[in-house]
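What follows is a short report on a single structure.
Only the coordinates and a few stated rules stand behind these numbers; no lab work does. The model shown is predicted, which means the values in this text are computed figures rather than measured ones. Cβ placement follows ideal geometry from the backbone for every residue including glycine, while neighbour counts extend to all protein chains displayed.
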Number of protein chains: 2
Amino acid sequence: MDTLGSIGEIAVLQRLFPRLPEAESTLVGPGDDAAVLAVPDGRVVITTDTMVQGPDFRRAWSSPFQLGWKAAVTNLSDVAAMGARPTALLVALIAPADTPVTDLEELADGFREACNALAPGCGVVGGDLSVADSLTLAITAFGSLDGRPPVLRSGARPGDVVAVSGALGLAGAGIRLLFERGVDAEGEPSSGAAAALRPEFDAVLDAQLAPRSPIGDGALAADAGATAMLDVSDGLVLDARRIARASGVRIDFRSADLDTDVVALERVLHGGEDHALLATFPSGVRLPGGFRAIGSVVDGDGVTLDGEVLDNRGGWDPYADWDGASG
Amino acid sequence: MDTLGSIGEIAVLQRLFPRLPEAESTLVGPGDDAAVLAVPDGRVVITTDTMVQGPDFRRAWSSPFQLGWKAAVTNLSDVAAMGARPTALLVALIAPADTPVTDLEELADGFREACNALAPGCGVVGGDLSVADSLTLAITAFGSLDGRPPVLRSGARPGDVVAVSGALGLAGAGIRLLFERGVDAEGEPSSGAAAALRPEFDAVLDAQLAPRSPIGDGALAADAGATAMLDVSDGLVLDARRIARASGVRIDFRSADLDTDVVALERVLHGGEDHALLATFPSGVRLPGGFRAIGSVVDGDGVTLDGEVLDNRGGWDPYADWDGASG
């Protein structure tokens, strides 16, 4: 079986390149010292996010395709949260020498399908391939504002509507389910145990392992006049607190507008890794795309639910919750 | 002692931000979902390069300051090799939970001092901090062409002068010295043994651990009409072969013009990690900055020395030469 170590970086890259999505804005693509990307409006949105085996994923639960998909989506979502259209990805991949090349090909397929499904026109313009003991994906994503002002966290004003696009709480329920029931008798992550949880729990497992974030809604929100926006990655309340702090306002959620059909309110409020978009809009704006109103911006500080103060529980903390499992 | 695990990502970032260099082209800096960078000429040069503990560095030999410096320089050099001026870095840092925060501060100092010394105006605009068992730095660098066409590997033409800026062979001699004499009785990397090699071997150790690459010469070469250019990272001959192949020409080096005062010819030709700039210029061009002529472009293919074919030895291969040491 061909592995990264047995055939080497250059041969692996030759097998990966044809599977990677092309970026429409590429001026110089892979193969030189650097790539060159067209940025017509003179500003480029840039972000980097890393997925590390152990704290961020376990090989027993995530297929290579899902890892590629999720690594792309978490970065695309940060670009979208600025009100930008994702244009390109750079992929730094660090993998054990014994990684089968077919796994790396599936990773590339995950990047491609996520871009094609959620951010058409966005592609991979370059990267780096290295060897280490565990698998790490460090992705940089690029976006174009196409003339829009960037949507920051600091623009929410009392009277604004608070709205969200994307699922809340499902991804957090998915990881909890995997830790509780996707394990073997010794408590170690098990691919067999995880597989047995499907199809009953497809929705929460997919939300955790291969989220379908509303990437296109970022630019739509900016066009509709969103005053603040962010990617909900650490739980609704913790991330809303970031908007509240940056904007000098209080965010008040209405429990009746939070969807608790699939997961309980507690998880909707505090589950992590949603990669939904939380935004504030001037009152009276017709909410674009998949955005739905879930609260309002009022005078004060912090985050409340139906006017009641929420405790300071933060949401997902990869340090506190990491159990060291590296499977 | 404060560590990454004990005080957490957010508190660490608050200690690192003030030490990081600001990028003059920053429109939105750290603290939101993504950064926004001004790219006045509508094109952005982008590259990513990773440094992994074990294959790429050993903690016993490299101080945190040197790691930050070298991680910055290897990426800045790839930007320079396109004929661009480096404008910004994104830093994805993955470190063990027990890493002292003071080590991370020294890393940040290394980024800052490298930018200030070699690419003034370039700064860190964002990043990501994660926990894993070993230290990894995944850097993305950005550059502006300021209206110049990018200098690719494919433009060399027979009759062109081959020139280099920066030291050749020193970095390769440095790593060889460390593997031979920077080790303890068991052959493990030793900080004490490495320290004892200074000051006798300062030049080769600095070239390996904290290279001073001629970053500014990249844009100067483009302005002077360089027809091809690359960052010499895998050894002069191997990298010259890349220009020869991409351009459909032969590169002929003149041994009399290769500086063998400090290291032997073999190492000048094949030592890795030089991070010098190798470029071709039209005949008669006054060579800019630190460039010096070392050969010529002729009809044919491959790489020769005084007209004699060189063997196929490639230069530095991190996979073949990695001994697995992770100290």
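Quick one, what does Rg over Rh come out to for the protein assembly as shown if you take C-alpha atoms and the Kirkwood Rh?
0.99
For chain A, the 222 nm mean residue ellipticity estimated from helices alone, with every DSSP H stretch of n ≥ 4 adding -39500 (n - 2.57) and the total spread over all residues, rounds to -9500 deg cm²/dmol. Rounded to the nearest 5, the antiparallel percentage of DSSP beta bridges internal to the protein assembly as shown is 75%.
Of all DSSP-defined beta bridges confined to the range A:4-144, some 65% are antiparallel rather than parallel.
When the trypsin sites (Lys or Arg not before Pro) in the range B:258-307 are filtered for DSSP coil states and for at most 12 other beta-carbon atoms within 10 Å of their beta-carbon, the remaining sites are B:286.
Over every Cα atom in the range B:167-257, the radius of gyration and the widest Cα-Cα span, Dmax, amount to 17.1, 52 Å. When each of B:39, B:285 is scored by the number of other beta-carbon atoms lying within 10 Å, the sequence from fewest to most is B:285, B:39. For residue B:131, the residues 5 or more places off, or on other chains, whose built amide H falls under 5 Å of its own are B:95.
Averaged over the residues of peptide A:124-134, the number of Cβ atoms from other protein chains lying within 10 Å of each residue's Cβ is 6. Under 5 Å from the amide H of residue A:227 lie the amide H atoms of A:280, A:281, each residue being 5 or more positions distant or on a separate chain, with H modelled from the backbone and absent for Pro and chain starts. As a proxy for reagent exposure, ranking A:46, A:294, B:251 by other Cβ atoms within 10 Å from fewest up yields A:294, A:46, B:251. Counting Cβ atoms of other protein chains within 10 Å of each Cβ in A:5-18 and taking the mean gives 1.
Note on A:79-92: average number of Cβ atoms from other chains within 10 Å of each residue's Cβ is 3. Where the alpha-carbon atoms of the range A:1-97 are placed on the principal axes, they occupy 46, 31, 18 Å, in descending order. Arranged from fewest to most other beta-carbon atoms within 10 Å of their beta carbon, A:3, A:227 become A:3, A:227. Of the GluC sites (Glu not before Pro) found in the range B:118-220, the ones in coil according to DSSP and having at most 12 other Cβ atoms within 10 Å of their Cβ are B:186, B:200.
The modelled label-to-label distance between residue B:97 and residue A:306, using points 7 Å beyond Cα along the C-beta direction, is 3.8 nm. Each 10 Å bin from 0 upward holds the following percent of the Cα-Cα pairs of chain B: 6, 26, 32, 24, 10, 2, 0. Each residue of the range B:47-57 was assigned a 3J(HN,Hα) from its phi angle through the Karplus expression (A = 6.51, B = -1.76, C = 1.60, θ = phi - 60°), giving 8, 9, 8, 10, 10, 10, 4, x, x, 9, 7 Hz with x at Gly and Pro.
Compared with the dominant Cα axis of chain A, that is its longest principal axis, helix A:236-247 is turned about 70°. Principal-axis analysis of the Cα atoms of chain B puts helix B:101-118 at an angle of about 30° to the longest axis. Semi-axes of the equivalent ellipsoid for the range B:105-171, computed as √(5λ) from the eigenvalues of its C-alpha gyration tensor and ordered from largest down, come to 32, 17, 15 Å. Compute the projected area of the convex hull of the Cα atoms of the range A:203-245, averaged over all viewing directions, and report it in nm² to one decimal place. Directional mean of the projected Cα hull area for the range A:203-245 stands at 3.7 nm².
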